[in-house]
Amino acid sequence: MTVFARTDRSLLALWWWTVDRWILAALMLLLLLGFLSTFAAGPAASARLELEPFYFVYRQSIFLCLSLFIILALSLLRREDIQMFGIVLFVVSYAAMILTLWVGAETRGAARWLQIGAFTLQPSEFLKPAFVILMATLLAPGKNKGTTQASSGEVVRRRLFSILLPLAVLPLLALQPDIGQAALIFAAWCVLLFLDGIPILFVLLLIIIAGMGAFATYVAFPHVSTRIDRFFDPDRGETYQADKALEAFQSGGLFGRGPGEGEIKYLLPDAHTDYVLAVIGEEYGGIVCIFLLLLFSYILLRGFSRFLGEPDVFLRLAACGLLFLFGTQTLINMSVNFNLLPPKGMTLPFLSYGGSSCLAVAITMGMVLALSRARTHASLDHEVTT
């Protein structure tokens, strides 16, 4: 027996009957596992940096609690609210990214962060979901049945803006530099255009542009070429972290060494961030890593199955674009941990330490839940009236 009747039209009742409770439950489980993972890797990182033992644990716990609040709060919003929120978030994030070029905190040769009190904020993390929402808004008008058709001139202008939008974003990311985020945003842009039904010749053009961009990045950014060279020829440079991550998985085996028994986390500089999966693999074993892979896969497959056939263009593009960001970030991080890709500096959603990434992923998935609610409102209204 449920708390709310289907005829109850209050805000919480509508939320309960329209939210995807299975995706929500999977996300809450990820948040809980993120809390456990920061206990596994955080104290070792604190000891290595000579900080208070639970420094990273306390901070990440705050981020995870805020993430849960953000997911629930955004899932209450309507479709129109999500569009407005995405556009405002894009403007604010873009302005903050410009600000980082002058007053950004520099780490490892990159100025991507703004210092706000005791915390650092990475605006590019928040730009990613905002970019998807803005792109979906630009591509959607005039295509949905039952809506007022946009004029041909407006459609042309919006399509032109959607094509030119990356030209305003990618150079700014290159100046920071943040090549990983730039590549992810470019990939998301290509996916959205493909889902929108662009001509095959334009698809081929995108492939050519991507290839040229990858080559130009390799030539123009020494740290990128160094990472790629080391990946394909380990003898040419330092591969310490990649080697230690593989050693952690080998040490953990299938069932792990036990909670707190891992040793590699004391030697890996990025054990609490990029390589948290290696820490999990050593302490809890391959069986837990497989479970995490299945959990992430379930969220993605359930989300894509709900939206790929969606007739509402905005819902389809926005939700699939957001899920693409979530899935690609997960895939890249896991691939780096298993030395299948060069290091990218991307976190594992909710499991790696990082406030900006954690909150940005929460925004991403909160909007996915809100869009899933928008998709089911019509069917619920039909059920109540009949």
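The values are calculated or read from the model by the stated rules, or taken from the named source; none is laboratory data. All values reported here derive from a predicted model rather than from experimental measurement. All Cβ positions, even for glycine, are placed from backbone atoms using ideal geometry, and neighbour counts span all protein chains on display. SASA here: full protein model, heavy atoms, side chains in, ligands and nucleic acids out. Shrake-Rupley method; radii C 1.70, N 1.55, O 1.52, S 1.80 Å.
All of Leu315, Leu301 fail the test of being surrounded by fewer than 21 Cβ atoms within 10 Å (Cβ to Cβ) and either within 22 Å of Ala362 (Cβ to Cβ) or out of contact with any His (no Cβ under 9 Å at 6 or more places or on another chain) (or both), apart from Leu301.
Among the candidates Phe307, Phe324, the residue that is within 30 Å of Ile87 (Cα to Cα), hydrophobic (A, V, I, L, M, F, W, C) and open to solvent by 10 Å² or more (accessible area, probe 1.4 Å) is uniquely Phe324. Within the range 252-268, restricting attention to residues that are assigned to a loop (DSSP other than H, G, I, E, B) and among the charged types (D, E, K, R), the residue that is surrounded by the most Cβ atoms within 10 Å (Cβ to Cβ) is Arg257. Quick check, is Ala187 closer than 25 Å to Phe131 by Cα and at pLDDT 85 or above? Here the answer is yes, as Ala187 does meet what is asked. Reported count of residues in the range 176-213, each being touching a residue at least 24 places away in the same chain (Cβ under 8 Å) and over 26 Å from Thr364 (Cα atoms), is 1. Each residue in the range 333-360 was checked for being hydrophobic (A, V, I, L, M, F, W, C), in a helix (DSSP H, G or I) and crowded, with 22+ Cβ neighbours inside 10 Å, and 3 of them qualify.
Of all residues in the range 307-332, which are assigned to a loop (DSSP other than H, G, I, E, B) and within 30 Å of Leu268 (Cβ to Cβ)? Correct list: empty. Of all the criteria given as (1) open to solvent by less than 10 Å² (accessible area, probe 1.4 Å); (2) over 23 Å from Ile82 (Cβ atoms), the one not satisfied by Thr273 is (1).
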